[in-house]
Amino acid sequence: MSNQTPILTINKVTKTFPGVVALDKVSFDIRPGEVHALVGENGAGKSTLMKVLAGLYKADAGEIIYQGSAVEIASPLDARHQGILLIHQELSISPELSVAENIFLGAWPTNRFGILRKSKLNKDAQSALTALGADFGPSVRLGTLSIAKQQMVEIARANAFEANVVIFDEPTASLTDTEKDLLFATIRKLRDRGVGIVYISHKMDEIFDLTDRITVLRDGQVQGTVQTEESDVGQITQMMIGRELETFFHRAKSTLGSEVLRVEGLTNTRHFRDVSLSVRQGEVLGLYGLVGAGRSELVETIFGVRTMDAGEIYWQGQPTGRLTPRKATDLGMALVPESRKEQGLILGQGGRANISLPHPSMFSRATVMNVAAEMRVFDTYKKQLEIKTTGPEQALSDLSGGNQQKFVLAKWLCADPKLIILDEPTRGIDIGSKSAIHELIAGLAENGLAVIVISSEMPEVLGVSHRILTMSEGRMVGQFSGDEMTEKNLIEAVSHRADGVLASV
Amino acid sequence: MTRNTSAQSRHTNSTVTWLFRNHIWLFLGLAIAIFSLASPYFLTVNNISNVLTQGAFIGILAVGMTLVMIDGEIDLSVGAILALSTALAIGLQEQIGVWPAVLAGLASGAALGFLNGVITAFSGMHSFIVTLGALIGIRGIVFIYTGEDALMVQDFSYTEYAEIYLGPVSITALTFFLLALFFQWVLTSTRHGRETFAIGDNIEAAHDAGINIKRHKIINFTICGTMAAVAGILLSMRLGTAEPNAGKIWELWTIIAVVLGGTRLTGGFGSMWKTIGGVMTLAVLRNGLRLLNTPNYVELMVMGAVLILALLLDRVLSSQTEAR
Amino acid sequence: MTSTNLISGLKKSGLLVAFAVFLGAVALSTDSFLSIGNILNVLRQVSITGMIAIGTTFVVITGRLDLSVGSMLTLLTVLLVDQHNQVGPLLAIVLTLAAAVGLGAFNGLLVGYLKLNALIVTLAMLSFLQGLTLLYSGGSNVNIPNAQTTWFRFFGRSDLLGIPVPVLLFLSVGAIAAFVLTRTVFGRQVYAVGGNETASNFSGVSSARTVFWAYILSALATGFAAIILGSRVMGAQNTIGQGYELTVLAGIILGGTSMLGGSGSIWRTVLGIAMLGFIQNGLLLMGFPYYVQWLVTWVVIIIAVWIDLAGKRGRVLA
């Protein structure tokens, strides 16, 4: 049961960056022994707020009251010393160091000469690990542990530094179901110890499973704070986006044509085995599964980025042999990859150069680039996709996630592909752009493109797809269409391995 | 694909992992075996003593270079710093005496290393560029000091210091091993040493944890410069002369030795043991080829080929132990 | 990448500041420094290093390094000069350029296709090629006996319209390279691979092939440099190319091309190389021994790159 007096209160905190007010008089509080969810679309201000709390940013106005008195948090180390700990999405760890060294990074016990007091270090680390129920010891090299266990080591810092407030930022992004259960058990242990926990996520099922209260942010302002028990997904979504869930997704009303792509028995021994699928003109095929199921690897193999160890790919009925991204593009395939920063765009360059990159023949004459053609296509898509950018040369690193994603789309659409594969197309994108992308997907299908959409968001995949394939641990475990496409069916499908046994680690 | 690894495959993984992380000893063993078979003079006490001494000069440079490399940086100026300390140790003897001159040589190495560290830390420039500049410029300082001809020591008893032996092990080789062992201990047991790995491995995490990265890097570059100076002093004792071109290209051999040993250029991974292995392998190769009276060009070509083969081996091994 | 960007970029660049100050200082203390004759002289002296640097710039923009160019220059010059005496200048040139392409392809294979570390591979090649040179030459130097009469002298010892041929070659190859880099598909791919290799691969650009060709260009440029060098010296010692890789790199860095890849240009390289040349020339004219330039080069590199970096970041300290 949580104590009613807050341990941390954020009072009318405001933070601005050039051109944007990220936090606008935000107030909320965290009580000891509670799990408090912080939700909102990207751009709503969650990450800014979290960074203010963790000492990475300084608020421009407002105050932070911690343990009864107003405090200044000057740096992450300062935050940690005060008892506020942030667990990022990208783990803040050094794989070459030991577990104990990672837990106490920056605060290793040494004697006068700078020599590490290893026995004390390991002993202190062990007690933090034991409190979490960890099954590994303090002296193993961190790199030998799985991601979930590495995450546990980060969380162990909470015990080690006797944190009073722990902030989790999208912690389940790379975890399997079982690892997620482990994480939740760990969080509950922390909560029972009286730690106040801020849980940032957009996964409604997790929030309603784990948390006690929910605060919703929209456009830098608090929309409200509710008791989880007394609320539901609909209310929260409404507060987040300001409109009903149902109008969110669009399913294309297209007529299905002939088969565009078929794969049979496709295998990449490290990631997936014996996968078969096909998709037709005008069809939106959803690919649902948990993280680690192998979906991205599957489409990357189809597109030729990864090697195909076995199987056949047929394009418009003809076998293609081994593909490379170049061959795939020339055939008429397009892949909008999972990570736009790492795989989708060259952020240091502008929109014009990015758009033309996959299509040299379209934008050049005898290998000399045709800049005028590039400009024309740039302008076309800037208008069509409503991209906010100052010009063809503005470095894409300056743009928001949504606008960046639009450039990735422009880059592929300008060559009139026959098949477009979208891997988590709306991840990390603000609500306005998200909806626009869904409309776009429907429009593409209605124009006769074959579309494959990979999504981990149940409502999204249910909303846009004509047919859904489910993958689990590298195998295709189900196919659903029409009325069969329900949450229950999908979840059941991915909870089981191909042989019908419940998936576990 | 599966997250379940059976107990057996986990065991295989750890043997392969050890091999992958320590493959230099295979190379060294192979090299020693080949040359002992090829030449009767190889495994003699006298020759082994020579190998140890010859390797020790690059070895001392490599000790400093290893520290800097685990940090994720590089120091291309060690050869030039070596030359300057040699020049000062010999050139200043007449004016201020032997030991003050030696001290001046050491101080110059420390000072130049410190300078490299400060520039790298405060400007944000990549150490490749900073030390490339230093490589060029410090060589200029050497020439300005010595002129175009070598300096010679006035009192040749200075060279007797190089003749000190502990059994078959010369003072040069001894210094190398002691320094390597000392800094290996630093890497594993002191805060500074562990921070070196932390910084090389994940610099943001280290920064967020409050580790003072600038100060740390300055310390490591200062050590690296000092090591170069130590090697320079020992060289001056051995030769009795200070050539303005001393140590030319040595930084490249040093990098080769360290990387051959298995320390990664990208940082966060390595050890003095690996460096000892790499240095000795290099020394054995060169010595062995010379014993076999192979012409000069063989040594150069073999070095190049061995290095590329080592890279290929590294690539093959790492692709097999990849967990994901 | 367009010309207005280049000029405004240069305007903000710290290296121009450093360069202008230096030129001013030297011009004040000597008479002949800024004369046409002297400028052409400087350009002629840097034409060999500059020629190599033009090719190596492609490699650097993809985010790699080529430390083998010095040894490659030695090998190619020795080969060229020796073959000149055996099969005549025309065949010798063809052979040398073919050898250059072969060496570049080897580098490109290792670094581009096998994805081995560029620093180590080209370092290994530095050593290997040095040995190969000794093997080929048997340790002795080669000379061209008919230095006065062979048409081969054109490349290194002649003038055309009052401009030394090496300078013409240097600048025209530079212009062609600049065109390729800024206006062709390949040039775009070079910048793309340097900017984000993964994204380039996902976009149908083969980073392996792009890097492969970049190394070939670097080697080919070294081949051209060997032609000029061989023609000028009319002979070749086993150490003739030693150290060139450092000067080439120094020139590229001084010009402001980033070692991380994804940005830079041929004209920046030409400027950087020219700066090095003017430093050397100016100091010599002022009566300093040749090794003082090294000290000055160090200072100039640090200052110029620091200012450049500070300008991009908006503040001086990291």
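Worth pointing out:
- For the protein assembly as shown, with +1 on Lys and Arg beta carbons and -1 on Asp and Glu, the positive-most of B:Thr241, C:Leu34, C:Ile52 along the dipole: C:Leu34
- Using the rule -39500 (n - 2.57) for each DSSP H run of four or more residues, divided by the residues of chain B, the 222 nm mean residue ellipticity is -25000 deg cm²/dmol.
- Estimated D of segment A:8-243 in µm² per second, where Rh is the Kirkwood radius over Cα pairs and Stokes-Einstein applies at 37 °C, 0.692 mPa s: 178
- Chain B pair-distance distribution - Cα-Cα, 20 Å bins, rounded %: 31, 56, 12, 1
- Over chain C, DSSP H runs of length four or greater, each weighted -39,500 (n - 2.57), average out per residue to a 222 nm ellipticity of -24000 deg cm²/dmol.
- Given charges at beta-carbon only (K, R positive; D, E negative), |dipole| of chain A in Debye: 1300
- Size of electric dipole in the protein assembly as shown: Cβ of Lys, Arg +1 and of Asp, Glu -1, about Cα centre, debye, nearest 20: 1500
- Whether segment B:166-238 is rounded, prolate or oblate, judged on the alpha carbon gyration tensor where a/c under 1.5 counts as rounded: prolate
- With a 10 Å cut-off around each Cβ of B:198-205, the average count of Cβ atoms from other chains is 6.
- Mean Cβ count within 10 Å, highest first, over the residues of peptides B:89-99, B:278-288: B:278-288, B:89-99
- Cross-link pairs exceeding 31 Å between alpha carbons, from the set B:Lys214/B:Lys274; A:Lys123/A:Lys189; A:Lys189/A:Lys341: A:Lys189/A:Lys341.
- Compactness relative to 2.2 N^0.38 Å, alpha carbon Rg of segment A:35-144: 1.29
- Each stretch of four or more DSSP H residues adds -39500 (n - 2.57); spread over every residue of chain A, this sum gives -9500 deg cm²/dmol at 222 nm.
- Ranking C:Ser172, C:Gln189, C:Asn117 by how far each Cα lies toward the positive end of the dipole of segment C:3-313 (charges on Cβ) leaves C:Gln189 at the top.
- Cα-based helix-to-principal-axis angle, B:7-21 vs chain B, degrees rounded to 10: 20
- Exercise: per-residue mean of other protein chain Cβ atoms within 10 Å, B:75-81: 1
- Per residue of peptide C:251-257, the mean number of Cβ atoms on other chains within 10 Å of the residue Cβ is 1.
- Within segment C:22-107, the ratio Rg/Rh, alpha carbon atoms throughout and Rh by Kirkwood, equals 1.14.
- Estimated dipole of segment A:199-352 in Debye, rounded to 20 [Cβ of Lys and Arg +1, of Asp and Glu -1, Cα centre]: 840
- Of all lysines in the structure, the ones whose alpha carbon falls short of 20 Å from that of A:Lys418, not counting any fewer than 8 places away in one chain, are A:Lys253, A:Lys327, A:Lys406.
- Listed peptides A:143-151, B:269-277 by packing density, highest first (mean Cβ within 10 Å): B:269-277, A:143-151
- Segment B:162-209-segment A:275-295 distance, computed between alpha-carbon centres (Å): 53
- Tail fraction, Cα-Cα pairs, segment B:129-204, threshold 14 Å, whole percent: 78
- Considering only chain A, percent of DSSP beta bridges that pair antiparallel, nearest 5: 55
- A quarter of the convex hull surface defined by the alpha-carbon atoms of segment A:264-349 gives 6.4 nm² as the mean projection.
- 4 °C / 1.567 mPa s Stokes-Einstein diffusion coefficient of segment A:350-412, Kirkwood radius on C-alpha pairs, µm²/s: 111
- Given charges at Cβ of Lys, Arg, Asp, Glu: the protein assembly as shown dipole, positive-most of C:Ser127, A:Gly55, A:Gly224: C:Ser127
- Short-range pairs are left out: with C-alpha atoms under 8 Å and at least six residues apart, the relative contact order of segment C:190-268 is 41 percent.
- Dividing the alpha-carbon radius of gyration of segment C:209-288 by the rule-of-thumb value 2.2 N^0.38 Å gives 1.27.
- Dividing the mean sequence gap of close Cα pairs (under 8 Å, 6+ apart) by how many residues chain A holds gives a relative contact order of 15 percent.
- In terms of its alpha-carbon gyration tensor, chain A comes out prolate; a/c meets the 1.5 threshold, and the first ratio a/b outweighs b/c.
- Taking the C-alpha atoms only, the angle from helix A:431-446 to the longest principal axis of chain A is near 20 degrees.
- Here the calculated FRET efficiency for C:Asn85 and A:Arg112, from their Cβ-Cβ distance with R0 = 56 Å, stands at 0.20, rounded to the nearest 0.05.
- Most simply put, segment A:8-243 has about 60% antiparallel DSSP beta bridges, counting only bridges with both residues inside it.
- Relative contact order (percent, whole number), chain C, Cα cutoff 8 Å, 6+ residue spacing: 35
- Helix B:171-189 and the longest principal axis of the C-alpha atoms of chain B enclose an angle of approximately 40°.
- Spherically averaged projected area of the convex hull of Cα atoms, segment B:50-146: 7.0 nm².
- Considering chain C at the alpha-carbon level, its Rg and Dmax are found to be 19.5, 60 Å.
- The Rg/Rh ratio for the protein assembly as shown is 0.98, where Rg is the radius of gyration of the alpha carbons and Rh is the Kirkwood radius.
Values in this text are rule-based calculations from the coordinates and carry no lab data. Values in this document were obtained by computation on a predicted structure and should not be read as measured data. We place every Cβ from the backbone using ideal geometry, glycine too, and count neighbours over all the protein chains shown.
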